[in-house]
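The structure appears below as structure tokens.
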């Protein structure tokens, strides 16, 4: 498996960042505006309730001997107006909330398409994964190639007549040539290790060069095989993450297409003025225009007898779909973070020169710098926990 290709696909598909300056700014602006308007409506409702209560008490306490019919009619008219105002406030609050939350959902959806620069992440990760792959290319280890040279000499002179030696020789040749592209573990490696161990015991010291080089070769073959086996478990998780991100991206593209159409936003404008924009200010300008377009479209829905009231359900559906996408991506980035930490732990375990061959540990320790670069790039782009937390409360107004 080529992890660099997988990771490139992974990063180029996700294209999401919780920390993009423009997106965070516009999101906060929408949240503050939403919360301010809802707070203002709540204050109006409280004032209205107090007025209704006073008028109700006044009308109930009015005595026909002390209050004229005209006064009663005026109070009843005031009460009716107050009740009408209450109804308008109660109707306005959810509309305001959904309208602004709909704008928030769309601008968040835009961020999914634009804010990460995948090429930069790919270049950073490529160095790490190239070096990581080199660790288990057994033909790059002198202790193996030197031993293999001696073994081939011996095999050509004395080993070809032995059927078991032929199996071992074929296994070693496959290991030597195939470790660059296939995992270095499994039956083939086990056969080679056990066969060479048995062969060396049989040979004894009559083949001095081969005998003396065999222990170090077996050490390097065993440790690289074990390292590859543990690494492959972590690599497999990248593959699973990649598949989920591909599905997530398809859903995101579909949702974006739907919302662009629903709110009447030109797709070409989105492509040219947002995706291809080079400045945050340009993207910010486009987001603000989208906000206005959404608000105007909702106002048009309200004026239309055919769509009046229906838009609220549709916008809410979009809201929660976007929230689901954000939450799922947050979970996936958390898994990505965990995988990076597992690579770090693997390097720490196998970097002990007191336990493993120096030739091997020097390659392991050489992974630290590229891994640190990858970690720094990842952490500067993502904060999975905050992303999940923010997604969970993105539609809840502040008190």
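Just to be sure before I move on: is residue 246 assigned to a helix (DSSP H, G or I) and not assigned by TED's automatic domain parsing to the domain that holds residue 359 in the structure I sent? Give the steps one after another, and end with the answer.
Details: assigned to a helix (DSSP H, G or I): yes; not assigned by TED's automatic domain parsing to the domain that holds residue 359: no.
Taking the combined requirement at face value, the residue does not satisfy it.
List the number of the failed condition for residue 310; all other conditions in (1) loosely packed, with under 13 Cβ neighbours inside 10 Å; (2) touching a residue at least 40 places away in the same chain (Cβ under 8 Å); (3) touching a helix residue (DSSP H, G or I) at 6+ places or on another chain (Cβ under 8 Å) hold.
Here residue 310 clears every test but (2).
So that you can scan it fast, the table gives a plain yes or no per residue for (1) touching a helix residue (DSSP H, G or I) at 6+ places or on another chain (Cβ under 7 Å); (2) modelled with pLDDT under 90:
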| residue | (1), (2) |
| --- | --- |
| 192 | yes, yes |
| 217 | yes, no |
| 240 | no, yes |
| 245 | yes, yes |
| 252 | yes, yes |
| 265 | yes, no |
| 277 | yes, yes |
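Suppose we filter the stretch 194-210 for residues that are buried (at least 17 other Cβ atoms within 10 Å of the Cβ) and part of a helix (DSSP H, G or I); how many remain?
Residues in the stretch 194-210 being buried (at least 17 other Cβ atoms within 10 Å of the Cβ) and part of a helix (DSSP H, G or I): 5 in total.
Give just the number: which of (1) over 14 Å from the mean Cα position of the chain (by Cα); (2) within 21 Å of residue 326 (Cβ to Cβ) does residue 278 not satisfy?
(2)
Exactly one of these conditions fails for residue 259: (1) exposed (fewer than 15 other Cβ atoms within 10 Å of the Cβ); (2) modelled with pLDDT of 85 or more; (3) within 22 Å of residue 95 (Cα to Cα). Give me its number.
In the conditions (1) exposed (fewer than 15 other Cβ atoms within 10 Å of the Cβ); (2) modelled with pLDDT of 85 or more; (3) within 22 Å of residue 95 (Cα to Cα), residue 259 misses (1) alone.
Of the residues 229, 249, only one is buried (at least 19 other Cβ atoms within 10 Å of the Cβ) and closer than 28 Å to residue 334 by Cα; which?
249
Considering only residues that are in contact (Cβ under 8 Å) with a residue 12 or more places away in the chain and either assigned to a helix (DSSP H, G or I) or outside the structural domain of residue 313 (by TED's automatic domain parsing) (or both), which ones fall in the stretch 265-280?
The answer is 269, 270, 273, 274, 275, 280.
Mind checking which residues of the stretch 32-50 are in contact with a helix residue (DSSP H, G or I) (Cβ under 7 Å, 6 or more places away or on another chain), in contact (Cβ under 8 Å) with a residue 60 or more places away in the chain and surrounded by 16 or more Cβ atoms within 10 Å (Cβ to Cβ)?
Correct list: 34, 37, 38.
The values are calculated or read from the model by the stated rules, or taken from the named source; none is laboratory data. Here the structure is a predicted model, which is why all the values come from computation and not from measurement. Cβ atoms come from the backbone with ideal geometry, glycine included; neighbour counts cover every protein chain shown.
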